[in-house]
There are 2 protein chains.
Amino acid sequence: MTTEQQVLDRIERARKRAPKVREERVTLAHGAGGKASQTLIDDVFVTAFRNPALDALGDGAVLDLGLGTGVPRLVMTTDSYVVSPVFFPGGDIGDLAVNGTVNDLAVSGARPMHLSAAFILEEGFPIGDLRRIAASMAAAAARAGVAIVTGDTKVVQRGKGDGCYITTAGVGLLDRPEALGVAEVRPGDAVLVSGPIGDHGVTVMLARGDLDLAADLESDTAPLHSIVAALRDAVPGAVRMMRDATRGGVATVLNEIARGAGAAVILDEAAVPVRPAVSGACELLGIDPLYVACEGRFVAVVAEDGAAEALAALRAHPQGADAAVVGRVADDPPGLVLLKTAFGGTRIVDVLVGDPLPRIC
Amino acid sequence: MTTEQQVLDRIERARKRAPKVREERVTLAHGAGGKASQTLIDDVFVTAFRNPALDALGDGAVLDLGLGTGVPRLVMTTDSYVVSPVFFPGGDIGDLAVNGTVNDLAVSGARPMHLSAAFILEEGFPIGDLRRIAASMAAAAARAGVAIVTGDTKVVQRGKGDGCYITTAGVGLLDRPEALGVAEVRPGDAVLVSGPIGDHGVTVMLARGDLDLAADLESDTAPLHSIVAALRDAVPGAVRMMRDATRGGVATVLNEIARGAGAAVILDEAAVPVRPAVSGACELLGIDPLYVACEGRFVAVVAEDGAAEALAALRAHPQGADAAVVGRVADDPPGLVLLKTAFGGTRIVDVLVGDPLPRIC
């Protein structure tokens, strides 16, 4: 078939130009959301699937449905959830899967509306646990005002899965006129986070019980549609872009902003909200909270003159009491994230290498 | 939170009325698409997620986006693919995942447009195999005229997966006026299949090499959008409903029709197209080809006076050379599928119990 051969030839050509995965086999780092994930996506998937809507297999894609200019456009997004354990303080794989897709839509600027849910269950998984997960998904959907409209269930043999994996996809309507995205970011813009970072990742890590460590911590998993709307209502036109800080944490989001905007992000370490329990656990684990996943926090870049009002709007929302301006966008050095430490030093915050916290989401 | 408690109370009440899963743990039969799958879906998922668009977690859901009556509606669908092995004669997990979602949209009456793709990879999976799968997905998307617009990649540790699982979701536009669905089915309607049944399931089974059996067979995996459009163009208004005969096979689809329409489906065994290699393998395996999955065949119910023209349209299409009228809808006995055997007898074709062919898709 000519079309098929053309596609394969195009992929062959694209792969010659793309960054190369050096490993011969998939490693945990390929799923960590950092450097290895990005290379895998660029080499294997983007080269194969390239099309105008494909946003580097990252956040939501804006769909061209050909419905005419008067009709709001749709955003589509998907994520698989393989968190271990499936139940953890503050949530479970079910509300995580609903909130995660709701949040990808919300930070893409869309009003989350409809979700699909596909389950890959391991033979032997308790039906009672599945009931509990389904109820948790239903409650999360009700909170976010979305409907789970379609789904699928597959079962794999014992030892070919790990209890329960869930993949959600979602669609939402872009019903506001403002353009959002890393292309809108300008030097001088303020960088905000909506709350304390790293709660989710550290909570899941501790829930595994591998570490002899207890902390009074809960996952931050939550739907962000309402706080995102509050921010956009407060400073219409001033929000440049938003992204939820999941795998790879805030550091990964900021690196995407710096590279995407061809600008620098200058971060003020003292301004980054981190709970003492999270920084304590991270110190023991030898990881930086900037790389730890949140599931209910987002980074927003806001025009300088809207920053104070944006911060006030976030703090006025029940989910944003600890929101903070954590840095700003600058001209130099382009593509890099710099951290001004509490001691007056400066260091580069690189993209995540390896996978310090596998299967956190 | 009041809303959350209301949701949980509603689920509690719904579960009292729903059919009950008797098992305490998930079994392979819960993923086979038959009786156990249906009970699991009804008990666990439908009770939790119930909303107007939810179509029993079965095929595509029609979305209410509130865009007004002049705008075509959207259909959304999802499926996970866990086929083992990932490569088999005639296809692989990649084109299977694209074709499957394209087909769910097409038989729902929608024009397939945009797909998401989420990967759950097992640590150690060869990157070269992943490249091959991605290329196969891209070729399948090109054939079906759809774009893969967004995605996700997760990696699980060795022994927590099985190489590569893929979940696709898709959206399409309902751009034709005719209503389709089991509610449209009437006694007297003709039941057609678009080609020989069971090729896919038997091919995958043989590819596992567990059986000392070889056959010159290939999976039937293919996109159905074009043959579905040819059928609808030929007999506009006469097509009552369509469904692709995947897990659970043609027998499961016919049972859904009989129960959904409150009518009987009378099947003529001699008219059902089955390749000799498939019937031979099924005989050795002790399974009935009517229960074996196809991935590129569909069942259509067509008004009696359009049946001849519908059959001609299917046969004129490259994918439909062996299409056949295999039965008809009757008043009695309501809810049952009856098979008239080649020897003049009659037997009930029940819904699938157990899972004779696990992980076929």
Mean ellipticity per residue at 222 nm, deg cm²/dmol - from DSSP H runs of n ≥ 4 across chain B, formula -39500 (n - 2.57): -9000 deg cm²/dmol
Rounded to 5, the percent of DSSP beta bridges in chain B classed as antiparallel: 75 percent
Mean separation of Cα contacts under 8 Å, 6 or more apart, over the residue count of segment B:227-329: relative contact order %: 46 percent
Within the accessible area of the protein assembly as shown (1.4 Å probe), percent carbon and sulfur: 50 percent
B/A buried area, accessible surface, summed, 1.4 Å probe, Å²: 7900 Å²
Within-15-Å neighbourhood charge of A:R208 [Cβ basis; K, R +1; D, E -1]: -3
Karplus 3J(HN,Hα) series, Hz, for segment A:32-40 with 6.51 cos²θ - 1.76 cosθ + 1.60 (x for Gly, Pro): 8, x, x, 4, 5, 4, 5, 5, 4
Net length gained if the chain between B:D210 and B:D9 were fully extended (0.36 nm per residue, minus Cα distance): 67.6 nm
For B:K20, solvent-accessible area (1.4 Å; no DNA, RNA or ligand), Å²: 110 Å²
Label-point separation, B:R73 to A:I348 (7 Å along Cα→Cβ), nm: 5.5 nm
HN-Hα J in Hz across segment A:109-119 - Karplus 6.51, -1.76, 1.60, θ = phi - 60°, x for Gly and Pro: x, 9, 7, x, 10, 10, 10, 10, 9, 10, 10
Relative counts (whole %) of C-alpha pair distances in the protein assembly as shown, using bins that are 20 Å wide: 18, 52, 26, 5, 0
Residues along segment A:102-119 losing 20 Å² or more of accessible surface when the other protein chains are present rather than the chain by itself (probe 1.4 Å): A:M113, A:H114, A:S116, A:A118, A:F119
Prolate/oblate/rounded label for segment A:1-50 (Cα gyration tensor, a/c 1.5): prolate
Local electrostatic count, A:Q6, Cβ distance below 12 Å [Lys/Arg +1, Asp/Glu -1]: 0
Exam field: B:G237 pseudo-label spacings to other copies (7 Å along Cα-Cβ), nanometres: 5.3
Separation in nanometres of the label points that stand 7 Å from Cα toward Cβ, at B:A308 and A:D332: 8.4 nm
Candidates B:A214, B:A190, B:A222, ranked by Gaussian network fluctuation over chain B, Cα under 10 Å, top entry: B:A214
Inter-copy spacing of B:R13 label points, which lie 7 Å from Cα along Cα→Cβ, given in nm from shortest upward: 6.2
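Which pairs in the list B:K35/B:K340; A:K35/B:K154; A:K160/B:K154; A:K154/B:K160 are over 18 Å apart, alpha-carbon to alpha-carbon?
Distance filter (> 18 Å) returns B:K35/B:K340.
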Part-to-part distance (alpha-carbon centres) for segment B:316-333 and segment A:313-361, which is given in Å: 61 Å
Order by protection proxy (mean Cβ within 10 Å, highest first), peptides B:131-139, B:73-81, A:46-54: B:73-81, B:131-139, A:46-54
Largest to smallest accessible area among B:K35, A:K154 [probe 1.4 Å]: B:K35, A:K154
Residue-averaged beta-carbon neighbours from other chains (10 angstrom radius) around B:59-71: 4
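Percent relative contact order of chain B, based on C-alpha pairs within less than 8 angstrom and at least six residues apart?
22 percent
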DSSP bridge pairs, the protein assembly as shown: antiparallel proportion in percent, nearest 5: 80 percent
All-pairs alpha carbon distance profile, segment B:60-174, 10 Å steps from 0, percent: 15, 43, 27, 11, 3, 0
Solvent accessible area, Å² - B:M205, 1.4 Å probe, full protein context: 30 Å²
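If the viscosity is 0.890 mPa s and the temperature 25 °C, what Stokes-Einstein diffusion coefficient in µm²/s follows for segment A:167-207 when Rh is the Kirkwood radius over Cα pairs?
167 µm²/s
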Efficiency of FRET from Cβ geometry, B:E24 and B:D268, R₀ 45 Å, rounded to 0.05: 0.60
Label geometry 7 Å along the beta-carbon vector: B:N51 inter-copy distances in nm: 2.5
B:M241 long-range amide H proximity, modeled H, under 5 Å: B:G181, B:V301
Per residue value of the accessible surface for the protein assembly as shown (all protein chains in place, 1.4 Å probe), Å²: 37 Å²
Other protein chain Cβ atoms within 10 Å, averaged over every residue that makes up B:259-270: 0
Relative contact order (percent, whole number), segment B:60-174, Cα cutoff 8 Å, 6+ residue spacing: 41 percent
Amide H partners (placed H, <5 Å) of A:V156, local residues excluded: A:L121, A:E122, A:E123
Karplus (6.51, -1.76, 1.60) ³J(HN,Hα), θ = phi - 60°, over segment B:313-329, in Hz, Gly and Pro reported as x: 5, 5, 5, 7, 8, x, 8, x, 3, 9, 4, 8, 7, 10, x, 8, 8
Hydrodynamic radius (Kirkwood) for chain B, which is based on Cα pairs only, to one decimal in Å: 21.1 Å
Interchain or long-range residues, amide H under 5 Å from A:R25's placed H: B:I127
Residues of segment B:143-179 buried by at least 50 Å² on assembly (accessible area, 1.4 Å probe, chain alone as reference): B:R143, B:I148, B:V149, B:T150, B:G151, B:D152, B:T153, B:K154, B:V155, B:Q157, B:K160, B:Y165
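The values are calculated or read from the model by the stated rules, or taken from the named source; none is laboratory data. None of these values were measured; they are calculated from a predicted model. Cβ atoms come from the backbone with ideal geometry, glycine included; neighbour counts cover every protein chain shown. Note: areas computed on protein heavy atoms with side chains; ligands, DNA, RNA excluded. Shrake-Rupley method; radii C 1.70, N 1.55, O 1.52, S 1.80 Å.
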